[in-house]
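Down below is the structure, laid out as structure tokens.
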Amino acid sequence: MKTVSLKIDDSIFGDTERILSRIKKPRNRYINEALDYYNRFQRRLLLEKRLKSESELVKNDSMNVLKDFEKIEYND
């Protein structure tokens with residue numbers, strides 16, 4: 001386990017301390033859970049961004065293929 005020193009805004013610290021006193025959870029555990037949650041959230045945002053980018057690439061490619069198919073004349 002790593003030790004981290006950080007500065008927390010007074011208002012956030014106060015809110016956190018009030019919550020911790022009510023839920024009876026150690027501050028360290030609470031912060032670890034919060035960081036884990038936020039990391040998962042950020043990974044989802046990164047994945048969403050990547051999927052949108054890749055989807056746009058596929059969309060453009062698909063439109064080109066569709067245009068090529070439209071140019072083909074079919075003999076029935």
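For the reader, a short list of remarks on this structure follows.
- Inclusion of MET63 among residues that are assigned to a helix (DSSP H, G or I) and at pLDDT below 95 is warranted.
- Pair list, Cβ < 9 Å and 6+ apart or interchain, from the stretch 3-24 residues that are without any contact (Cβ under 8 Å) to a residue 24 or more places away in the chain to residues that are assigned to a loop (DSSP other than H, G, I, E, B) and surrounded by 10 or more Cβ atoms within 10 Å (Cβ to Cβ): THR16/ILE8; ILE19/LYS25
- Some residue of the stretch 3-20 being surrounded by fewer than 10 Cβ atoms within 10 Å (Cβ to Cβ), at pLDDT 95 or above, of a type in the set (A, V, I, L, M) and under 27 Å from the mean Cα position of the chain (by Cα): yes
- Scanning the stretch 23-36 for residues that are outside any helix (DSSP H, G or I) and surrounded by 10 or more Cβ atoms within 10 Å (Cβ to Cβ) turns up at least one hit.
The values are calculated or read from the model by the stated rules, or taken from the named source; none is laboratory data. Note that the structure is a prediction, hence the values are computed from the model and not measured. A quick note on method: Cβ atoms are made from the backbone with ideal geometry, for glycine too, and the neighbour counts reach across all protein chains shown.
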